[in-house]
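The values are calculated or read from the model by the stated rules, or taken from the named source; none is laboratory data. Everything numeric here is computed off the predicted structure, so don't read it as measured data. Counting neighbours? That spans all protein chains shown, and the Cβs are built from the backbone with ideal geometry, glycine included.
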């Protein structure tokens, strides 16, 4: 058991809230095993049900033209690039039709910040989708897009959100969160909104009654304390939203949050102290930076013998973002567990199997996650940076069931649509034409030389192993 300066049992039981310094202490002092045990117990308290969930949706990137110059992105294009595109409404409609055909219920629609698309283009798109696919939930346009809309259309983000909501927008995804710290954003998100502006968009969305999600990107140039500060901002703003909805003493909470994050309230003012149907952060998702094909991916890998300690370093290369500290499975799970213990007011944490792979994605259910995220019929942004994991509904259900839970399909509000506890469950139905493994044909009597002989002499004939059956065996 790790030795801590505070009572972790009270945190697990929901009787006390982690302070920023205590979350940092967990990162540095707690073992991965202990973190998983504590986060799993916390998740079980918050989600005692016998199922874990997933959603069937499709990522639709309506344009890849973008005014930002994020150094971690391999997806963006300029207008003049040969492979720049903006999808027609009918192309988007075809993608949604394919989603509906497999039982999908929502689209996650995001794009680059394309300065040649007027606000009417977006409103007409939303109306087109709602008219032709009335049952499909539209989860679209991340905060950086809204901040650019504010600039492109010369109107406050509140008015943009109101117009989009009226046209059919249901909820807002948390894309573009990265790390809120100005030191980090100035170096990895050139032309992208500040952390305060990201939080402002979500504040306004909650005030206008829309639910959202929150995200965090780790494993690049950030310090660990900046990750904790990032989650602290999300937790405080969730306090603000729940206070608006009447779940906490509103005046005290609102004053505290406004004094701590004044930049979030500098624009898009609201005169309301109470909102009956205020929105919330429904979920938190974090994932490690994928370096392939990105400008930031060309940075040096952190070497402690060369650069010294990373966190709060005074090394100029680290401070200027010339050195990255990548995050693998252990780091991902460690931060997931801390997030579950820290974000006591965010109900759901999603597994990030898209970047971490299916087995780590499954293991995330034992480190605080209660949701496997999306079957993700299509994904273009992360995959452009080198990640290629794909899972079918059958495979996601199997991962959940093998973990000890019943798989359940949900909607964006985490309402269960289909509970898969019968023989017709996607992972339990027999496959009429199961995929077969293709084995390469070889025409040799022997396979592979035995290891351990490295003196250069060719002993291959003496030490090779006969293929099953020896000379009489059939060739495979």
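Checked against the criterion of being touching a residue at least 40 places away in the same chain (Cβ under 8 Å) and either in a strand (DSSP E or B) or in the same structural domain as residue 186 (by TED's automatic domain parsing) (or both), region 250-261 has at least one qualifying residue.
So is residue 123 part of a helix (DSSP H, G or I) and surrounded by 22 or more Cβ atoms within 10 Å (Cβ to Cβ) or not? No, not satisfied.
Of the residues in region 343-391, how many are in a loop (DSSP other than H, G, I, E, B) and at pLDDT below 95?
15
When 235, 227 are screened for being out of contact with any strand residue (DSSP E or B) (no Cβ under 7 Å at 6 or more places or on another chain) and either part of a helix (DSSP H, G or I) or closer than 24 Å to residue 152 by Cβ (or both), only 235 passes.
The number of residues in region 164-189 that are modelled with pLDDT under 95, surrounded by fewer than 24 Cβ atoms within 10 Å (Cβ to Cβ), touching a strand residue (DSSP E or B) at 6+ places or on another chain (Cβ under 8 Å) and not in a loop (DSSP other than H, G, I, E, B) comes to 1. The set of residues in region 137-163 that are touching a strand residue (DSSP E or B) at 6+ places or on another chain (Cβ under 6 Å) and surrounded by fewer than 21 Cβ atoms within 10 Å (Cβ to Cβ) contains only 137.
Residues of region 273-288 that are in contact with a helix residue (DSSP H, G or I) (Cβ under 7 Å, 6 or more places away or on another chain) and assigned to a loop (DSSP other than H, G, I, E, B): 273, 274, 275, 278, 279, 280. Taking the conditions (1) surrounded by 21 or more Cβ atoms within 10 Å (Cβ to Cβ); (2) assigned to a helix (DSSP H, G or I) in turn, residue 100 satisfies each one other than (1).
A count restricted to region 262-272 and to residues that are outside any loop (DSSP other than H, G, I, E, B) and at pLDDT below 90 stands at 0. Remark: residue 314 falls outside the filter, which requires a residue to be touching a residue at least 24 places away in the same chain (Cβ under 8 Å) and closer than 23 Å to residue 184 by Cβ. Report yes if some residue within region 308-322 is closer than 25 Å to residue 341 by Cα and not in a loop (DSSP other than H, G, I, E, B); otherwise report no. Looking for residues that are closer than 25 Å to residue 341 by Cα and not in a loop (DSSP other than H, G, I, E, B), one finds none in region 308-322, hence no.
If you go through region 251-258 one residue at a time, do you hit one that is buried (at least 20 other Cβ atoms within 10 Å of the Cβ), closer than 19 Å to residue 348 by Cβ and modelled with pLDDT of 95 or more? Within region 251-258, not a single residue is buried (at least 20 other Cβ atoms within 10 Å of the Cβ), closer than 19 Å to residue 348 by Cβ and modelled with pLDDT of 95 or more.
Screening 76, 69, 58 for residues that are within 30 Å of residue 295 (Cβ to Cβ), modelled with pLDDT under 80 and crowded, with 19+ Cβ neighbours inside 10 Å leaves exactly one candidate, 76.
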